[in-house]
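Values quoted throughout were computed directly from the atomic coordinates according to the rules given, and no laboratory measurement underlies them. Predicted model, so just to flag it, every value in this text is computed and none were measured. So basically every Cβ, Gly included, is an ideal-geometry build from the backbone, and we count neighbours across all protein chains shown.
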């Protein structure tokens, strides 16, 4: 398949933990393509399926934490491009090649991704779910990184963390992001999203690239402290200062803008663009201020109740807006999204076969 020749320029980095069923189907899928796959497995037991020995797959069994495993990825990637991938999701090879082709044609772009669709299975059928509609037409091509970040954080969608990125930039971003874990939810996602914008422009092409797995509800988003709560909590002052200092250091390594230098104040103001958008109704900010008035043992109990409430509404939200998968694909096509149906049918067959095994 000559149209997929650029896949050899890409490494797919898959992180996994105690989900060997999903890992098995993912590796079987990628074993048929000429693309390098790096598996970072932190599971309690080693994955022993024969598919991990396929020549294009490098399997690393490492029981350290997620941050240590992802930090180690820089030691194994020797391709020009990389993409971070979940163990339970699928990417269309033709779309990945389209992203590589786009990046190869314009050095000013650091990242390129495609459109996404959610899927889950029920009674031997694949259902579809609208996923990240804000990706439609997204192009952050401002010459100023401040303008790119401001635009991105003003209408946020995870556009870069699972996109094709230049490896030279990934090594710097990864080395900075995964050396320290911060105590707010999705801290590494937001750092990657920010730093990719510092390293260059980005674009979402009008092509289906990513099949987001909704078989396992992603409810954990509500079970940890959000950055918009963490940011304004005085108890986090030292950690916040550390965060800003480390971000400044990495920005100076990534930025190619002349006569401009990031500092802590600029970075803080850019993150506040994101926070203020999330806090438009002020409810979370008020809740955080009220919490700071109570003793710590009471705060823990109150936070537990809040997390339980979010978990309940998260489960209900997850069940809504499900469609027949083909109908969801037609919606994307009506929006002008190109769909490689041959590749999509192959993925659907793998998913259905997995159900029946």
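Annotations
- Here the convex hull built on the C-alpha positions of region 1-40 has a volume of 53 cubic angstrom per residue.
- Euclidean distance of C-alpha centroids, region 1-51 and region 80-131, integer Å: 14 Å
- Taking all Cα-Cα distances within the chain, those exceeding 40 Å account for 12%.
- Among 163, 268, 155: highest mean-square fluctuation, GNM of the chain, C-alpha pairs under 10 Å: 155
- Here 86, 99 are placed in order of increasing Cβ neighbour count within 10 Å, fewest first, which gives 86, 99.
- FRET efficiency estimate (nearest 0.05) - Cβ-Cβ, residue 335 to residue 108, R0 35 angstrom: 0.85
- Normalising the average separation of contacting C-alpha pairs (under 8 angstrom, six or more residues apart) by the number of residues puts the relative contact order of the chain at 20 percent.
- On Cα atoms only, tilt of 20-30 relative to the major axis of the chain in degrees: 60 degrees
- Placing a pseudo-label 7 Å from each Cα along the Cα-to-Cβ vector at residue 17 and residue 147 gives an inter-label distance of 4.0 nm.
- Springs join every pair of Cα atoms under 10 Å in this Gaussian network model of the chain, and among 13, 198, 157 the largest mean-square fluctuation is at 157.
- Choice from 179, 191, 131 showing the highest fluctuation, given a GNM over the chain with Cα pairs closer than 10 Å: 179
- With the simple spin-label model, which puts each label point 7 Å out from Cα in the Cβ direction, the residue 245 to residue 5 separation comes to 5.1 nm.
- Acute angle (nearest 10 degrees) that the helix 187-199 long axis makes with the longest principal axis of the chain, alpha-carbon atoms: 80 degrees
- Between the helical axis of 167-177 and the longest alpha-carbon principal axis of the chain there is an angle of about 40 degrees.
- Packing-based order for 164-170, 44-50, using average beta carbon neighbours within 10 Å, highest first: 164-170, 44-50
- Rough spin-label spacing in nm, given labels placed 7 Å along Cα→Cβ, for residue 121 and residue 269: 5.2 nm
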